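No value in this document is a laboratory result; all are computed from the given coordinates. Computed from a predicted structure; not experimentally measured. Counting neighbours? That spans all protein chains shown, and the Cβs are built from the backbone with ideal geometry, glycine included.
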Amino acid sequence: MAQPPDISDTFVKEVDENLRRDRIRNFFRENGGWIVAGVLLFLAISGGIIWYQQHREQNAEEQVEQLAQIYKDIGVGNTAKVSQQLDALSNSGSKAVRASALFTRAAFALQQNDQKLAIASYKAIRDDSSLPDSYRDAALIRETALEFDQMQPQQVIAQLEPLAKPGNPWFGSAGEMTALALIKQGKSHEAGQLFATLAKDKDVPDGVRNRALQISGSLGADASGAIPQAQ
C-alpha cells in the first residue's frame with residue numbers, strides 16, 4: 001500500500017523555500033541601490049570605451065585625409081601652411097599618422113634645404129619607442145645618411161650595428177655606410193670583406209651590390225660569388 005507523504009518533510013521544504021525568498025527579497029531591498037549603481041557604472045564605462053574608440057578612429061580617418069591633402073598641396077606648390085599642419089599631425093595619437101607626418105616633415109624640410117629640421121624629425125621617429133621598429137629603423141638610416149660626414153666613424157658603426165647584418169631589411173644601406181666608416185678608420189680589410197658580403201647578397205638592392213662589387217675589388221676582397229647587375 002502506498003505510504004502517505006511525510007508531512008514533516010513537506011513542511012520543512014516550504015519553510016526553507018520561504019526563507020530563501022525572504023533572504024533574496026531582503027538582499028535586494030538592502031543592496032538594490034548599490035546594484036543599480038554598479039550596473040549603471042558598468043554601462044557608462046562600456047559606453048565610454050566604445051565612444052573613445054570610435055572617436056579615435058574618426059580622428060585618425062580625418063587626419064589621414066589631412067595628410068592626403070598636404071601631399072596634394074606640396075605637389076602643386078601650395079606650401080604656405082604645410083609646416084604648421086605637419087607639426088600638428090606629428091602629435092597625433094595614431095602611430096601611423098604621427099610617423100607619416102614626421103617623415104613628410106623631414107622630406108619637406110630637405111626640399112627647403114633645412115637639414116637640421118630634417119634630422120630632428122628623423123630623431124623624433126627613432127626615439128619614439130611606441131612606433132613599430134620598421135619606422136624607427138628607416139628613420140635611423142636616413143638620419144645617419146644625413147649626418148654621416150659630421151659623425152665619427154666609430155659612432156656610425158655603433159649606431160648602425162643592429163642593422164648592418166645579412167638578413168636585415170636595411171643591410172644594404174647600413175652595411176654600405178658601415179663599410180665606408182671602416183675605410184675612414186683605416187680598416188680596409190674589414191671594409192673590403194663587408195663590401196664583398198654586400199655584393200654577394202641577392203637581397204641587397206642592385207645599386208648597392210654593384211658599388212660594393214667594385215669597391216671590394218679595389219680593396220682586394222674576393223667577391224667572386226657576386227653576380228653583377230645591370231644598372
Right, GLN193: in a helix (DSSP H, G or I) and either without any contact (Cβ under 8 Å) to a residue 12 or more places away in the chain or closer than 24 Å to TYR122 by Cβ (or both) or not? no
Taking the options ARG209, ARG136, ARG142, name whichever one is within 29 Å of the chain's Cα centre (by Cα), under 28 Å from PHE108 (Cβ atoms), basic (Lys, Arg) and buried (at least 19 other Cβ atoms within 10 Å of the Cβ). ARG142
Which numbered condition ALA164 fails, given (1) buried (at least 21 other Cβ atoms within 10 Å of the Cβ); (2) assigned to a helix (DSSP H, G or I); (3) under 22 Å from the mean Cα position of the chain (by Cα): (2)
Answer with yes or no whether ILE119 is surrounded by 14 or more Cβ atoms within 10 Å (Cβ to Cβ) and under 28 Å from ALA107 (Cβ atoms). yes
Matching residues in region 66-93 - criterion: being under 22 Å from ASP128 (Cβ atoms) and of a type in the set (D, E, K, R): ASP87
